[in-house]
Amino acid sequence: MAKIGIMSFAHMHANGYAACLNELPEAELVAVWDDNAKRGREAAKQYGTSFVGDMDRFLESGLDGVIVTSENVKHRAMVEAAAAAGKWVLCEKPLATTVADAKAIIAACKKAEVGLSTAFPCRFSPPLIEVRDLIESGEYGVLYAANCTNNGQCPGGWFAQEELSGGGATMDHTVHVADLLRWMTGREFTWVYCENGMLVHDNLGMDDLGSLHMEMEGGLKVSHTASWSRCKSFPAWGDVTLEIVAEKGVIAVDAFNQKLDVYNDNAMKAEWAHWGSNPDLGLVKEFVASCDERRAPSVTGLDGLRAVEVTVAAYKSAKSGRVVKV
Amino acid sequence: MNVAIIGCNGMGRMHAQMAVNCGFNVVACADLELSTARSVASGFDADATDDCFGVLTRPDVDVVGIMTPTPTHTEYVVAAAKAGKHIFCEKPFGRTVQQCKEAIAAAKKARVKLFVGHVVRYFQEFEAMRAQVAQGKVGKVGFVRLYRGGIFPAGQSGWFRDLEQSGGVTLDSMIHDFDWLRYVFGDADRVFCQALQRTVPNHVDYSMATFRMKNGIIAKVIGTWAHPSGFRVEAEICGDQGIIQFNSDDTPLKAMKRTAPGAGASMIVPSSPVHTSPYQLEWEDFKVWLDGKLRARVTPEDALEAVRMATAALKSAETGKPVKL
Ligand SMILES: NC(=O)c1ccc[n+]([C@@H]2O[C@H](COP(=O)([O-])OP(=O)(O)OC[C@H]3O[C@@H](n4cnc5c(N)ncnc54)[C@H](O)[C@@H]3O)[C@@H](O)[C@H]2O)c1
């Protein structure tokens, strides 16, 4: 039985991970710590666990691992503290908002000899796993191009405060697809071009959409739309889609398109109820197993860093109007 | 009014019918391949010829329809204008911006009316989207995504495969979307584009372009000639108050034919029938202009700008850099 704690409920994904921990028989959500005590206390109550207000006491409370789901810019300090206390860490994406912070996170975990994982749940989505299998089978031959999206609703709150989030939709919604493509193809990104800005909100104060063009090793051409373009009346939070063009055909995937159309008079908007497998569960299960077996998690900190590098290059490109090497 | 059709394969055959539907007479059909010209001419009781320039000077011809491969458009436009004929030219207007300029100058000089078939402006679904935007249904527009394509087009003698001639999916197909973007959202400032343009081991083209419009809107246009089958159009328009989406796969009608007893359906043919074909609406609009009433919805300058956007995208794909328009 792995004993897991959650550091901060600032990121809404903490709720999903907490629910997974409660669902998994091999894991126990032992404690919650949060720099916002009210938020932490409420979350602890909701998920039937205890709140520990003091971070040092929290880290001393017999935990095997922690999940860090704070505001993006606070990842580094929390991961460093957890690593120093010898805890395995699963850190929310993006791993960090700067390359330097991402590297520091990796170095801290390496020094402390603890496992570090980045929260890329898409790697555990069955439709996306099947895409990877199709590519690996070689049946589709050489890969030529990929056209991707990660659209979502604007999460608001601290996400829209640059000093906490490090950036807008380009920061939030580039890393999943960047990671998926690295994972599916085994290649690294070589350059990025990005146009972004505040396009679909009238006073967010930061970018809510980025249109990226990238290349991966071997000349694989990639375009990606990272956005918070889904309006409040949209039937779902968003999407992850990839259309992969290869020598012997095309693979198109809309990862969350396992849904019911639901019409409800109280909501007064159509809703998509997702019935596909929950990718978070696979992610948390793997992290719990890595804590238990004291081994490196399958999704690593380096994976997190690589995706951060792409994102940082995207912002540099958007600012300079030029192609930026990764 | 009498029409001569030059280039009588895929588009020529169809346009002959559309012209007739609008009350024009098709009197001559010309193609480098006489048999192709004949196969269309016979349906309209028209003359067939392989003298494609000769037909332009026939006194009984009022309007010339140019439905030949793209790089040949300009020479026919210029010759038809010199002969004093009005012109319906298929898109892309020309292979290069320079060609478009020559064509415009020739038509101006001869004072003939020149229409370029940017048919997407007449597609009912695109008109409906334009109307929704105009009604403010999405608020202020910030992002547009347009997607178009399917299999690599065959064409007569494979000229589409010669990217020098056809310009690939970027010039030939995405130009529809480039024109529509300008039509609805104004001029573009710059473009970044990646295009496959592969000829070995198969002919595959797939092109991904991001335009920054002068008003700040970002538009992503994807074109594919990479799919093993089918054809699909998608559109998405995002504003600060809503989203419009269109997907041509979502049709009112799907016909499935069984080829052999006991076998499954061999092919599903999706269909979205409308009362009047958008290609006929083009001819109706052109006719209104010829009759001396309103100017047609598409001007030759519009068609030139669309070619400029496409050639800028191709230049970006070639150089790996953003290109200013
Ligand atoms: N608006 C649309 O939806 C649409 C769709 C397809 C094609 N097009 C455009 O229409 C044009 C024709 O395309 P298509 O699909 O009919 O091509 P196609 O290859 O099917 O037909 C072209 C015809 O022109 C003839 N031809 C070739 N060179 C000629 C020349 N120099 N003079 C006279 N005839 C010549 C060929 O023999 C052939 O019969 C192209 O510019 C294409 O981009 C438009």
Spin-label pair B:Lys324/B:Lys293, simplified geometry with 7 Å Cα→Cβ offset, distance in nm: 4.4
Could you size up the charge dipole of the protein assembly as shown around its Cα centre, putting +1 on the beta carbon of Lys and Arg and -1 on that of Asp and Glu, and report it in debye to the nearest 20? 1280
Return the sequence-ordered ³J(HN,Hα) values of segment B:209-225 in whole Hz as given by the Karplus equation 6.51 cos²θ - 1.76 cosθ + 1.60 applied to θ = phi - 60°, using x for Gly and Pro. 10, 10, 9, 9, 7, 4, 8, x, 4, 9, 10, 10, 10, 10, x, 10, 10
Once you've got the GNM for chain A with C-alpha springs shorter than 10 Å, pick whichever of A:Leu134, A:Leu212, A:Leu305 has the biggest mean-square fluctuation. A:Leu134
Restricting attention to segment B:1-109, which GluC sites (Glu not before Pro) occupy a DSSP loop and are surrounded by at most 16 other Cβ atoms within 10 Å? B:Glu33
Site A:Lys110, offset 7 angstrom along Cα→Cβ, radius 18 Å on amide nitrogen, limited to segment A:53-76, gives A:76
Please name whichever of B:Pro59, B:His86, B:Thr49 sits farthest to the positive end of the charge dipole of segment B:2-117, dipole taken about the Cα centre and charges placed at Cβ: Lys and Arg +1, Asp and Glu -1. B:His86
Report, by chain and number, residues whose modeled amide H sits under 5 Å from the one on B:Gly117, excluding near sequence neighbours (fewer than 5 apart, same chain). B:Cys89, B:Glu90, B:Lys91
Obtain the nm distance between the two label points defined at B:Lys82 and B:Thr259 by a simple spin-label model: each point lies 7 Å from its Cα along the Cα-to-C-beta direction. 5.0
My understanding is that a pair violates if its Cα-Cα distance is over 31 Å; which of A:Lys110/A:Lys319; A:Lys103/A:Lys319; A:Lys325/B:Lys140; A:Lys325/B:Lys315; A:Lys87/A:Lys316; B:Lys85/B:Lys254 do that in this structure? A:Lys110/A:Lys319; A:Lys325/B:Lys140; A:Lys87/A:Lys316; B:Lys85/B:Lys254
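Take peptide B:243-254, look around each residue's Cβ out to 10 angstrom, count Cβ atoms belonging to other protein chains, and average those counts. Intermediate values should be presented prior to the final figure.
Working: counts 7, 0, 1, 0, 0, 0, 0, 0, 0, 0, 0, 0.
Other-chain Cβ atoms within 10 Å of each residue's Cβ, averaged: 1.
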All other residues with a Cβ under 9 Å from the Cβ of B:Ala195 taken together, and with Lys, Arg as +1 and Asp, Glu as -1, what is their net charge? -1
Give the interface area between chains B and A as buried accessible surface, both sides summed, probe 1.4 Å, in Å² to the nearest 100. 2800
I'd like the Karplus ³J(HN,Hα) series for segment B:25-33: coefficients 6.51, -1.76, 1.60, θ = phi - 60°, whole numbers in Hz, and an x wherever there's a Gly or Pro. 9, 8, 9, 8, 10, 10, 7, 4, 8
Shielding of A:189-202 by other chains, given as the mean Cβ count within 10 Å, works out to 5
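Once you've got the Cα coordinates, tell me which of A:Lys3/A:Lys93; A:Lys232/B:Lys137; A:Lys3/A:Lys45 are over 19 Å apart.
Values: A:Lys3/A:Lys93 22 Å; A:Lys232/B:Lys137 14 Å; A:Lys3/A:Lys45 17 Å.
In this structure, A:Lys3/A:Lys93 lie more than 19 Å apart at Cα.
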Tell me the label-point distance for the pair B:Arg111, A:Arg322, using the 7 Å Cα-to-Cβ offset, in nm and rounded to one decimal. 5.5
Go through B:Ile5, B:Ile104 and list them by solvent-accessible area, largest first, probe radius 1.4 Å. B:Ile104, B:Ile5
Accessible surface, 1.4 Å probe, highest first, among residues A:Thr185, B:Thr57: B:Thr57, A:Thr185
Can you give the FRET efficiency to the nearest 0.05 for A:Arg294 and A:Ala273, using r as the Cβ-Cβ distance and R₀ = 51 Å? 0.85
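Antiparallel versus total DSSP beta bridges in chain A: what percent is that, nearest 5? Could you put the intermediate results ahead of the total?
On the way: 37 of 64 bridges.
Taking every DSSP beta bridge within chain A, about 60 percent pair in antiparallel fashion.
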Looking at chain A as a GNM with Cα springs under 10 Å, which of A:Ile106, A:Ile67, A:Ile135 has the largest mean-square fluctuation? A:Ile135
Non-local residues with an amide H under 5 Å from the amide H of A:Gly168, with H modelled 1.01 Å from N and Pro and chain starts lacking one, are A:Asp207
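Give the residue list of chymotrypsin sites (Phe, Trp or Tyr not before Pro) in segment B:46-96 that are DSSP loop and have at most 16 other beta-carbon atoms within 10 angstrom. Let's see the in-between values first.
On the way: sites: B:Phe53, B:Tyr76, B:Phe88, B:Phe93; in loops: B:Phe53, B:Phe93.
Of the chymotrypsin sites (Phe, Trp or Tyr not before Pro), the ones in loops of segment B:46-96 whose Cβ has at most 16 other Cβ atoms within 10 Å are B:Phe53.
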Answer with one residue from A:Ser277, B:Leu253, B:Ala226: the one whose Cα lies farthest towards the positive end of the charge dipole of the protein assembly as shown, charges on Cβ with Lys, Arg +1 and Asp, Glu -1. B:Ala226
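First select every other residue whose beta carbon is under 13 angstrom from the beta carbon of B:Gly216; then total the charges, Lys and Arg +1, Asp and Glu -1. Working shown, then result.
Details: positive: B:Lys140, B:Arg190, B:Arg212, B:Lys214; negative: A:Glu195, A:Asp202, A:Asp207, A:Asp208, B:Asp187, B:Asp189, B:Asp240.
Taking every Cβ under 13 Å from that of B:Gly216, the sum is -3.
What Kirkwood hydrodynamic radius, in Å, does segment B:2-117 give when the mean of 1/r is taken over all pairs of distinct Cα atoms and then inverted?
It is 13.5 Å.
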Amide H of A:Lys93: which non-local residues (sequence gap of 5 or more, or other chain) have their own amide H closer than 5 Å, using H built in the peptide plane? A:Ala119
Compute a Gaussian network model of chain A, connecting alpha carbons closer than 10 Å, and tell me which residue from A:Gly141, A:Gly301, A:Gly152 fluctuates the most. A:Gly141
Tell me, what HN-Hα J-couplings in whole Hz come from the Karplus equation 6.51 cos²θ - 1.76 cosθ + 1.60 at θ = phi - 60° for each residue of segment A:40-55, using x for Gly and Pro? x, 4, 5, 5, 4, 5, 4, 9, x, 9, 9, 9, 10, x, 9, 4
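Across the residues of A:248-257, average count of Cβ atoms on other protein chains within 10 Å? Mind dumping the intermediate values first?
Numbers: counts 3, 4, 9, 0, 2, 0, 0, 0, 0, 0.
The per-residue average across the peptide is 2.
Would you mind counting up the charge near B:Asn21? Only other residues with Cβ under 14 Å from its Cβ, with Lys and Arg at +1 and Asp and Glu at -1. Don't skip to the answer; put the middle values down first.
Working: positive: B:Arg13, B:Lys287; negative: B:Glu282, B:Glu284, B:Asp285.
Net charge in that neighbourhood comes out at -1.
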For B:Phe24, solvent-accessible area (1.4 Å; no DNA, RNA or ligand), Å²: 10
Charges at C-beta only: +1 for Lys and Arg, -1 for Asp and Glu. How large is the resulting dipole of segment B:2-117 about its Cα centre, in Debye rounded to 20? 600
Rounded accessible area per residue of segment B:235-302, 1.4 Å, Å²: 61
Compare the Cα positions of B:Gln135, B:Pro153, B:His118 along the charge dipole of chain B (+1 at Cβ of Lys, Arg; -1 at Cβ of Asp, Glu; about the Cα centre) and return the one farthest towards the positive end. B:Gln135
Could you order peptides A:9-19, B:77-87 by the average number of other Cβ atoms within 10 Å of their residues, highest first? B:77-87, A:9-19
Please figure out what share of the DSSP beta bridges in the protein assembly as shown is antiparallel and state it in percent, rounded to the nearest 5. 60
Cleavage-rule hits (trypsin sites (Lys or Arg not before Pro)) in segment A:248-305: DSSP loop, at most 15 neighbouring Cβ within 10 angstrom: A:Lys248, A:Arg294, A:Arg295
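The values are calculated or read from the model by the stated rules, or taken from the named source; none is laboratory data. Keep in mind that what you see is a predicted model, and the values were worked out from it rather than measured. Ideal geometry is used to build each Cβ from the backbone, glycine not excepted, and the neighbour counts take in all protein chains shown. Ligands, DNA and RNA are excluded from the accessible area calculation, which covers all protein heavy atoms including side chains. Shrake-Rupley method; radii C 1.70, N 1.55, O 1.52, S 1.80 Å.
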